1. Give me the pairs: first residue in segment 63-76 and at negative phi, second residue modelled with pLDDT under 80, beta-carbon distance under 7 Å, and six or more apart or on different chains, which are they?
2. Find the residue count for segment 25-58, including only residues that are part of a loop (DSSP other than H, G, I, E, B), surrounded by fewer than 10 Cβ atoms within 10 Å (Cβ to Cβ) and at pLDDT 75 or above.
Amino acid sequence: MSTINLDDAGTRLRELVDRIETGEIIDILRRGVPVARLVPAQALRQPDELRRSPTTTLPRQSENAPHLVPSFRDRDRY
C-alpha cells in the first residue's frame, strides 16, 4: 500500500488509476492525515453469500398473508 498527497493525486490521477488496475491500494493524504483510499473495483464486490436475498434462508409460512395477518390481529385483540 502506498500513499500520496491530495494535491499530487489530482495531477497524477491517470497514473494512479493505472497502478490501481494492477491491484495496488493507495491512500490519499491531506496534511499528512489519510482521508481516502483508492482500491481496485474488484475488491468492492461482495461474496455471493452476502448478496443473497435474506428471504432465501427464512422458513416458508404454512398460511398466506391474507389469512395470516388477520389471525395475528385477532389473536392480539382478545
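1. LEU68/GLN61
2. Total satisfying the criteria: 2.
The values are calculated or read from the model by the stated rules, or taken from the named source; none is laboratory data. In this text the structure is predicted, and so the values were computed from the model without any measurement. No Cβ is skipped: glycine too gets one built from the backbone with ideal geometry, and neighbour counts run over all protein chains shown.
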